[in-house]
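Working notes, beginning with the structure itself.
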Amino acid sequence: MNANAPKGKGVNKMNMYIEKFGQARVNAMLPQMKQVGNTEGIKFSYGGYTGNTLDSHRVIWKAREDGGSLLQDKVVESLFKAYFEEEQSLGEPSVLINCAERAGMDASTIFEGDDNIGKKETFEELQHYRRAHSVTGVPFFIFDEKYTFSGAQTASEIMSVFKKLL
């Protein structure tokens, strides 16, 4: 979560990647991510904007409160599709509401009046995982509190952890 990023539309996603990782790393990273995505049915697109994602995390938290892990998973999938495939900014409340509705959730109450719904809980979870697992970036995967991965992983790498857990 980047709570310090600008709210609303945010900044150009590609420019942010280049600033964060450098042009050479971006040039190497994006084709690999597209290839892995294609094998999984994900059509990565790197246009659009990125910014403050605090509100998207609040929506994710609220989804679990309202409908458990199943609804939360559907909301996350909808958010990922919007950001990674549809070039929509997760800093815009209208995008978040649309994603929630697409997943079967009403998120409008999160953006009507009280902007603190889920904020405290989201920050508490963030601090917990930073301390417990030294999380500094996303994606970050935790398996049975024993194995962790940071960054995009191939299916075979993730499967190797499942095999260890069995």
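The values are calculated or read from the model by the stated rules, or taken from the named source; none is laboratory data. Fair warning: this is a prediction, and the values are worked out from it, not measured in the lab. Please note: Cβ atoms are built from the backbone with ideal geometry, for glycine as well, and neighbour counts cover all protein chains shown.
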Open item on the list: List pairs: first residue in the stretch 21-38 and more than 13 Å from Ala152 (Cβ to Cβ) and outside the structural domain of Gln153 (by TED's automatic domain parsing), second residue of a type outside the set (A, V, I, L, M) and surrounded by 12 or more Cβ atoms within 10 Å (Cβ to Cβ) anywhere in the structure, Cβ distance under 6 angstrom, at least six positions apart or on different chains.
Closed with: Val26/Tyr17
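Among the helices (runs of 4 or more DSSP H) contained in the stretch 1-112, which hold 1 or more residues that are closer than 27 Å to His128 by Cα, under 14 Å from the mean Cα position of the chain (by Cα) and modelled with pLDDT of 95 or more?
Details: elements: 13-21, 23-39, 54-80, 93-102.
The qualifying helices (runs of 4 or more DSSP H) are 54-80, 93-102.
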TODO: Just give me the residues in the stretch 59-97 being under 23 Å from Lys7 (Cα atoms) and of a type in the set (D, E, K, R), in sequence order.
DONE: Lys62, Glu77, Lys81, Glu85, Glu86, Glu87, Glu92
- [ ] Among the candidates Asp106, Asp55, Asp144, Asp66, single out the residue that is assigned by TED's automatic domain parsing to the domain that holds Glu40 and loosely packed, with under 14 Cβ neighbours inside 10 Å.
- [x] Asp106
